[in-house]
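The values are calculated or read from the model by the stated rules, or taken from the named source; none is laboratory data. Everything numeric here is computed off the predicted structure, so don't read it as measured data. Here the Cβ is made from the backbone with ideal geometry for all residues, glycine too, and neighbour counts use every protein chain on show. Note: areas computed on protein heavy atoms with side chains; ligands, DNA, RNA excluded. Shrake-Rupley method; radii C 1.70, N 1.55, O 1.52, S 1.80 Å.
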Amino acid sequence: MMRPAIEIQSLFFAYGEVTVLEQIDLRVPEGEFLGIVGPNAGGKSTLLKLILGLIEPRRGTIRVLGRPPRKARKLMGYVPQYPAFSRDFPVTVEQVVLMGRLGAGRLAGGYSHHDREIARRVMGEAEVLDLARRPIGQLSGGQLQRVLVARALACEPRILLLDEPTANIDMRMESELFDLLKKLNERMTILVVSHDIAFISGYVQRVACINHTLVCHQTGEIDAQAIGELYGGEVKMVHHHH
Amino acid sequence: MQSALAAGLLASIGCGVMGSYVVVKRIGYLAGGIAHSVLGGMGAALFLGFTPLHGALAAALLAALLIGWIKLRWQAHEDTLIGAVWAIGMSIGVLFIARTPGYTADLMNYLFGNILLVTPAQLWQTLALDLVVIGLVAAFYRQFLAVSFDEEFARLRGVPVTIFYLLFLCLVALSVVLLVQLVGLILVIALLTLPAAIAGHHVYTLGRMMVLASLLGMIFTTTGIVLSWQWDLPAGPVIILVAGGAYLLSALGSEWWRRRRAGAAT
């Protein structure tokens, strides 16, 4: 069996006294397109932050490509839900995308020619190349989202994690973004948090429902048994209501 | 007056660079805390017989590290704690100056600046501080940009965010010290932020903002010093009023320009 991209065992996490996640087991094979859904405050974003190593679990283990999350950070690309920056920050699209190359080259000085080439390539892929010199304050919500995807791609990740990438954009752009993700999935593992299970079902192979605990569903019922066997029988089929 | 003009030109460079960060990061209050606690170091230096500028430098760096540590450790109470550092630093300074024979009258000089205090030796020190600020910012421009733009993402890319944040605050402290002798510590924040804020109205990248802010700082300090000399007024407040007036014009002008463009588009 292929080495899993992400393997989580008996994970428990709490903010202070408030339990957010308990008894989470999840195995994501390389190349999977996994949707993560669940109610607000159910722990979806927390799970992504744990996988990225931004926070540490209280109990349980997380392995990303066989390593602890902090050691695997550079193999992951992350698209946050609410960008932590202000929209009027004086920075261009290209400069933002280049930030994905940080940590790859030398410590001091500017970006290398190689970094700039990669940035141009991923901007092309995310269809924001013509916006390269635009300040981010002049972008629409959908354009900014694509820029953030390009920034994550500039990391040349093996795993792409997206937190509600379509929360602030309209339906048409949502489809375009997921078409792009579908294409990217041919070469990398993708985890996408969403509130819209009906919509993502058309794209992802499996849905993880998180509400403090986690239950996985196959999106195509016909293939369920076959894929279930492929995953080593770890996937449970459970009917529940959203 | 010539050394004052030269000090103004030199200080404007470091401040244009760091002031741009202060404006885009919106940490004017934090920079204010560093600036005001500088009085503690100047007072202590006077009392103990050192050069006030050295005391200011030590106090500014100490305050920067203390405030940085507070921010990283107790984020929720940041403003209260910065306010405390601000006031405690000033109180220490006032007490030391009160106990230093013959220096009480000079308190105003530290608070509001006195260009006559600028000596040729201080010009060299100002130049050295400038070179430190510009050298470090140039070497780590990518990291500083990433940390001030999106700290979480920078951390994920393996940038040592805490170290760069503290280094960044120390550089803000250095630029504050650059200006203290010119406009005094109460007016420092205006000269640190106003040129950068004006630049922010007109350019859209941080690098250009730094260049424009430095040039504007040079224009404001020079104009302020010349006017104050002609009218026999204290230079610090005149410089600040020149900068403040320019900011007001720039804000109104860019607002008018935006509306005109919005009007033309519809």
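Which of the residues belonging to segment B:62-77 are assigned to a helix (DSSP H, G or I) and surrounded by fewer than 18 Cβ atoms within 10 Å (Cβ to Cβ)?
The initial filter retains those residues of segment B:62-77 that are assigned to a helix (DSSP H, G or I), namely B:62-73, B:75-77.
Of everything in segment B:62-77, those that are assigned to a helix (DSSP H, G or I) and surrounded by fewer than 18 Cβ atoms within 10 Å (Cβ to Cβ) turn out to be B:Leu65, B:Trp69, B:Leu72, B:Arg73, B:Gln75, B:Ala76, B:His77.
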Filtered residue count, segment A:87-109, keeping only those that are under 20 Å from B:Met210 (Cα atoms), surrounded by 13 or more Cβ atoms within 10 Å (Cβ to Cβ) and of a type outside the set (A, V, I, L, M, F, W, C): 4
Output the strands (runs of 3 or more DSSP E) that fall wholly within segment A:1-113 and possess 3 or more residues being away from chain B (no Cβ under 11 Å), or say none. A:4-15, A:18-29, A:33-37, A:59-64
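Test B:Leu39 against the criterion of being under 26 Å from B:Ala243 (Cα atoms) and either open to solvent by 40 Å² or more (accessible area, probe 1.4 Å) or not in a helix (DSSP H, G or I) (or both), and give yes or no.
Taking the combined requirement at face value, the residue does not satisfy it.
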Considering segment B:201-247, residues that are aromatic (Phe, Trp, Tyr) and open to solvent by 30 Å² or more (accessible area, probe 1.4 Å), and then whichever is nearest to B:Gln181 (Cα to Cα), we arrive at B:Trp229
Hey, can you tell me all the residues within segment A:155-202 that are in contact (Cβ under 8 Å) with a residue 60 or more places away in the chain, part of a helix (DSSP H, G or I) and touching a helix residue (DSSP H, G or I) at 6+ places or on another chain (Cβ under 9 Å)? A:Leu181, A:Ile200
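If I ask for residues that are open to solvent by 10 Å² or more (accessible area, probe 1.4 Å), under 22 Å from B:Gly68 (Cβ atoms) and among the β-branched types (Val, Ile, Thr), which ones from segment B:5-36 would you list? Before you say what the answer is, go through the steps one by one.
So the first thing to find is which residues in segment B:5-36 are open to solvent by 10 Å² or more (accessible area, probe 1.4 Å), and the list is B:5-6, B:9-10, B:13, B:17, B:23-29, B:36.
This time we only want the ones that are under 22 Å from B:Gly68 (Cβ atoms), so: B:17, B:23-29, B:36.
Correct list: B:Val17, B:Val23, B:Val24, B:Ile27.
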